[in-house]
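One structure below.
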Amino acid sequence: MPDNITEKVLDLIADTKRIPREQVSPTSTFEELGLDSLDAINLVFEVESTFNISVPDSVANSMTSVPQVVEELRKILATQSTSQQTPPE
Amino acid sequence: MPQQRVAITGMGIISALGADLAANWSSLSQGKAGISTIQLVDASKLRFQNGAEVREYDPAQHFKSNQIDFLDRFAQFALIAARQALADSGLKITAELAGKMAVVTGSCVGGQTSQDAGFVNLYQKNSPRVHPLLIPRTMANAGASHISMEFGIYGPVYTISTACSSANHAIGNAFWMVRSGQVEAAITGGSEAPFSMGLLKAWEAMRVVSPETCRPFSKDRKGLILGEGAGMLVLEPMEKALARGATIYGEIVGFGMSSDAGHITAPTLRGPAMAMQAALLDAGIAPEQVGYINAHGTGTQANDQTETRAIREAFGKSADRLAVSSTKSMHGHTLGAAGALEAVATVMAMREKIIPPTANFTTPDPDCDLDVVPNQARPAEFEYSLSNSFAFGGLNAVLAFRRA
């Protein structure tokens, strides 16, 4: 059962690519979804805006599938929550 | 009217490599890059830090203060390069010539540093108004118009904006007008000044700008480096140029264009190959006659790989006899001025018999398996060369040159 983060990524892909939500699965590759390199950059932009994160170019340019997006997103969110635990000065 | 041979009799250039032809050629011929930390905007707010900026530049050294009010940085560069080129050519613009002379310039983003500053006042500082000169400063044809006004040139004057192919399209159009006898001389090239926070953020979002330097055709290339500046050429019919005893830097002999009709940003193989073939056809030369290609060579993964394949497609077996270098590794990607800076580099390479290298090269890439003249300039004599420009939007423009 996909979790909230995965669900949100699937929503964003359906929205940005304007394809029916049921066509996007947690295991889809960008190629299967018809996402080219520019679509992928657009998707990363939407992910950055939605989750208020910043994705490095090297990570953004290497993404080719939904599971990869979810995995990278989790990593970045985890780093962020660790840094948020640091008490303010 | 029979076709005229078209001579380049003057060249002007300002870029990160210097404020004149001698300084630029000195760097190009030694493989010295003009890439360093961006100073024109606060680079700490960007994911990339480096650019190829024109340094130690003071507009007051070139223009009166009331003139500066009308000139965005990109138009200042256009005028400076045009003044140099015209002085270099020794061409006298007589009353008779003035109406038979063209100015054709290229610019991708026009006076957008002025626009950016104006909109900061409007949106960020809550000013209720912008400067009344914002429109004439911002328009992409400002450079061409100011060149026309300064020298009293009242023949065909216009600007072409085809992203990174702008200058090659401009020079190609001017070349055809001189060749056909429509005009008796032309000033042509391109200018650009893209260093504003708004535009740099837009480039950042595209994720094609290198976080370090520009390494065209190198396996570890990470993207392009933005640059600024202008290049201008004076074109004249060969016969008239020789008759007045002008210095002939070289000839433009061909111009080829095509459109990918594919993707808005991803390059295709067919489009660039067709443009190179069209330039060869227009010049009436065979692939094996070409010794050097100044590549589009942006340093992005997609361009360099596709351009390599397109050169192989257009040149067949001759591709392995070619020297191919990207001078963007030194002067950066100046967008609408790129073809102009690269025309200067290509013509100087033929004239000085030295091929400027692809700087910052570290590791061969099997997908970019041409002779890319890594890091070291190379002595070489050749009669013909090409200069490639391939734009976002899939618009390709290639110039063919012949040595004098």
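Model label points for residue B:95 and residue B:58, set 7 angstrom from Cα along the Cα-to-Cβ axis, are 4.0 nm apart.
On alpha carbon coordinates alone, what is the Rg over Rh value for the protein assembly as shown, Rh being the Kirkwood radius? Each step should come with its number before you reach the end.
Details: Rg = 23.7 Å, Rh = 23.5 Å.
We get a ratio of 1.01 for the protein assembly as shown.
Using only the C-alpha atoms, the convex hull of the range B:54-127 corresponds to 152 Å³ per residue. For peptide B:200-207, compute the average count of partner chain beta-carbon atoms within 10 Å of each residue's beta-carbon. The per-residue average across the peptide is 3. Extending 7 Å from the Cα toward the beta-carbon at both residue A:77 and residue A:58 defines two label points whose distance is 2.4 nm. Once the convex hull of all Cα atoms in the range B:247-312 is built, its volume per residue stands at 108 Å³.
Along the range B:10-26 the Karplus relation, 6.51 cos²θ - 1.76 cosθ + 1.60 evaluated at θ = phi - 60°, assigns HN-Hα couplings of x, 9, x, 7, 9, 7, 5, 8, x, 9, 7, 4, 4, 5, 5, 5, 4 Hz to successive residues, with x for each Gly and Pro. By the helix-only formula, in which each DSSP H run with n ≥ 4 contributes -39500 (n - 2.57) and the sum is divided by residues, chain B has a 222 nm mean residue ellipticity of -10000 deg cm²/dmol.
With neighbour counts taken as other beta-carbon atoms within 10 Å, the residues A:18, B:402, A:74 rank, fewest first, as A:18, A:74, B:402.
Hey, could you get me the Stokes-Einstein D for the range B:254-403, Kirkwood radius over alpha-carbon pairs, 4 °C and 1.567 mPa s, rounded to whole µm² s⁻¹? Before the final figure, lay out the partial values.
Working: Rh = 14.8 Å.
Estimated diffusion coefficient is 87 µm²/s.
Here chain B has an Rg and Dmax of 19.7, 63 Å, counting Cα atoms alone. Among the trypsin sites (Lys or Arg not before Pro) found in the range B:115-173, those both in a DSSP coil and sparsely packed, with 12 or fewer other Cβ atoms within 10 Å of their Cβ, are B:125, B:129.
Which of the pairs A:17/B:222; B:100/B:328; A:8/A:75; B:100/B:240; B:32/B:201 have their Cα atoms more than 23 Å apart in this structure? Working shown, then result.
Values: A:17/B:222 27 Å; B:100/B:328 34 Å; A:8/A:75 16 Å; B:100/B:240 14 Å; B:32/B:201 27 Å.
From the list (A:17/B:222; B:100/B:328; A:8/A:75; B:100/B:240; B:32/B:201), the Cα-Cα distance tops 23 Å for A:17/B:222; B:100/B:328; B:32/B:201.
Using the empirical formula 2.2 N^0.38 Å as the baseline, the Cα radius of gyration of the range B:274-326 reaches a ratio of 1.09. Alpha-carbon geometry of the range B:6-243: the Rg and the Dmax are 18.5, 60 Å, given in that order.
Considering only alpha-carbon pairs that sit under 8 angstrom and 6 or more positions apart, the relative contact order computed for chain B is 24 percent. The fraction of all Cα pairs in the range A:1-83 landing in successive 10 Å bins from 0 to the largest distance is 18, 58, 22, 2, given as whole percents. Taking amide hydrogens as placed 1.01 Å from N in the peptide plane, the amide H of residue B:106 sits under 5 Å from those of B:160, B:189, B:190, B:191, each at least 5 positions away in sequence or on another chain.
Coordinate-derived values only; no laboratory data. Predicted, not measured: the structure shown is a model, and the values here were computed from it. Please note: Cβ atoms are built from the backbone with ideal geometry, for glycine as well, and neighbour counts cover all protein chains shown.
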